[in-house]
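Just below is one structure, and these are the notes that go with it.
Just so it is clear, none of the values below were taken in a lab; they were calculated from the coordinates. Small disclaimer: the values here were computed from a predicted structure and weren't measured. Methodologically, a virtual Cβ is constructed for each residue, glycine included, from the backbone with ideal geometry; neighbour enumeration extends over all protein chains shown.
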Amino acid sequence: MDRILRDADPNADPQLTARSDPDVAVGYSPILDVARGSPAGYQAVALDGPATSRDNTVAIIRAALSAFWQLPTNTFISIPIPLHRLGDPLVRDALRQHGDLAGIVLDITDFTPTISPATEVALDDVRAAGALLSVGGRETAQPELGSIIRLRPSIVRLGHAWIADLDQSATKRTAIEVTGRLTAQLDAWILAEAVSTGAELRALSELGVPLAQGPFIGQAQSVWADIDEATIRVLPHAPSASDGQLRALLRQAYTTTDQAAAEHVLPEASGYESVVVIDDTRRPVSLLTRGTFGRWEPTAVLTIHVDTPVAEAVSRAMSRPPETRFLPLVCTDAAGRFLGILKIEDVVTHLTGA
């Protein structure tokens, strides 16, 4: 989740009123980090109706981006944007004016299989600026497999049809487990929407769903709402805290901002087993490992927060496809900056020894 969070601000006040665009009423619905029982982020919500018009979409984007700088420490903000409006010049300008989009999730709604050239360019641009994507179905529909594969999101949203009476449906639990395995292979997170009862939240926790929001989690407000104690007490166990062990297992890796140049250096000459490609803010973007023919081969990065419990780190590593399952994990701080790598054999050995 550290890929999503904005940089920590020690002066942030969680009770500050979020600044809003004067032309639109926007509230912020809390998103629960289910494992830790604390806010993971906030979703911008139009309080006076759906944001379907072009002007409303732009106004909500501007309001949310203005409020971004007052976010509580280690949280992210998500902004709904219809896919067909992402390539709109006004929408693109509103996002471009913000500059760095790290810590911002764009909730892509109204997905269609046909994506216009302008939208394709806009998707590339927001990714390059650091934004992450979230996809899901309309209201009660399930997320389309095509949208998940095409957009490579960081968050997959499950709507009301998935979550309603989940505690009473073995079929729904199985479906969420299968979806969870798919998203894990994509290094994405599931966000359960429309959670309306304690029983549903408890079932989601037992299934290992990391993020949840809905009436039972908290209503949209003009302040950064905390998670109610009554909600936290529903969780079947105390929120998992860091065991503090990953820091002791960190290994250094060669880092570079120029992947093309690094790929031309033989692994033997570098003296390292891995190369981590980072951006200008030291956030990992790719991992190079020794390939079959003795040269570097790029692969997707699986990032792990340094305070993640060891057992959770192993679980996430083992959820990857067989061909990448035993590659190193890339460890980051709360702002997503690179700290070091974790070799799977070190992590597993520590876990079995413990």
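Report, to one decimal in Å, the Kirkwood hydrodynamic radius for the range 160-214 based on all distinct Cα pairs.
On the way: mean 1/r = 0.0907 Å⁻¹.
Final number for the Kirkwood radius of the range 160-214 is 11.0 Å.
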Sorted by chain and number, the residues with a modelled amide H under 5 Å from that of residue 31, at a separation of 5 or more or across chains, are 40, 41, 42, 43
tail above 22 Å in the computed P(r) of the range 246-353, as % of all Cα-Cα pairs, reads 28 percent
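What does the net charge come to around residue 206 if you take all other residues with beta carbon closer than 14 Å to its beta carbon, with K and R at +1 and D and E at -1?
Values: positive: 172, 173, 202; negative: 167, 177, 200.
Spelling it out: positives minus negatives among the neighbours equals 0.
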What is the fewest-to-most order of 112, 231 by other Cβ atoms lying within 10 Å of their Cβ?
112, 231
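List 343, 172 from most exposed to least, where exposure is judged by having the fewest other Cβ atoms within 10 Å.
Values: 343 17, 172 20.
Result, fewest neighbours first: 343, 172.
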Residues 107, 167, 124 in order from fewest to most other beta-carbon atoms within 10 Å are 124, 167, 107
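For the range 26-234, take the convex hull of the Cα atoms, compute a quarter of its surface area, and give me that in nm², please. Each step should come with its number before you reach the end.
On the way: hull surface 42.6 nm².
Projected area, direction-averaged: 10.7 nm².
Would you kindly state how much longer the chain becomes between residue 110 and residue 345 on full extension, computed as 0.36 nm times their sequence separation minus their alpha carbon distance, in nm to one decimal? Present the calculation step by step, with values, prior to reporting the outcome.
Working: separation 235, 0.36 × 235 = 84.60 nm, distance 4.30 nm.
Using 0.36 nm per residue and subtracting the Cα-Cα distance, I get 80.3 nm.
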